[in-house]
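Shown next, in structure tokens, is the structure this report addresses.
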């Protein structure tokens, strides 16, 4: 591997950095989406149960907010009722929607960076290809003699060009696949959050009141 990196020349190092960053982002998103910090299965039912007819204690609301993305959305509704016991229904719904949008941003965290790497990696590979071609043609002597008189320089230029092109695609293709996978997963979970938020809003609007 080190031999390939040396043969590819300095243009490949930005691609190496991109690949390391992309790997870290993919690992982080896998851990995030596999965990229970988005929407624990029974959280909505528990929140509706403990808030009938009175609101839970502030400590319980704080624990709910810290537990997951859905918990943050549900806690925003409770906090809106605590701040204003008889809020305007539109104001209550707006508070939950604002928290929901923040939750969606949490779901989409780092996805734009992954998409950027998927877009930039082929361009970096193309840059390395161009630099390799420049080295090939730059190896010609002032009389216009062919690079065939310098096989080592010719081989180096070709290796720079091909290795960078290949490595750029190797980085970009998995990044694009993972970006589409995480984006689809994020959209599905955002829809689930929206449905849970609507159920919760209808519940607290009718059943909840401060103690």
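Observations, loosely collected:
- Per-peptide packing, taken as the mean over residues of other Cβ atoms within 10 Å, places 181-190, 163-172 in the sequence 163-172, 181-190 from highest down.
- The length gained on full extension between residue 116 and residue 101, counted as 0.36 nm times the residue separation minus their Cα-Cα distance, comes to 3.2 nm.
- Legend: calculated FRET efficiency, residue 181 to residue 16, from the Cβ-Cβ distance at R0 = 30 Å, rounded to 0.05, equals 0.80.
- At R0 = 41 Å, FRET efficiency that the Cβ-Cβ distance of residue 94 and residue 23 yields, to 0.05: 0.55
- Estimated at 0.36 nm per residue, the fully extended path between residue 195 and residue 126 surpasses their Cα-Cα distance by 20.3 nm.
- Sorting the segments 118-130, 194-206 by their residues' average number of neighbouring beta-carbon atoms within 10 angstrom, most packed first, yields 118-130, 194-206.
- Taking only the C-alpha atoms of region 18-83, Rg followed by Dmax gives 15.7, 53 Å.
- Length gained when the stretch residue 137-residue 50 is fully extended (0.36 nm per residue, less Cα-Cα span): 23.8 nm
Read-outs: derived from the displayed coordinates by stated rules, not from any lab. What you see is a predicted model; the values in this text were computed from it and never measured. A quick note on method: Cβ atoms are made from the backbone with ideal geometry, for glycine too, and the neighbour counts reach across all protein chains shown.
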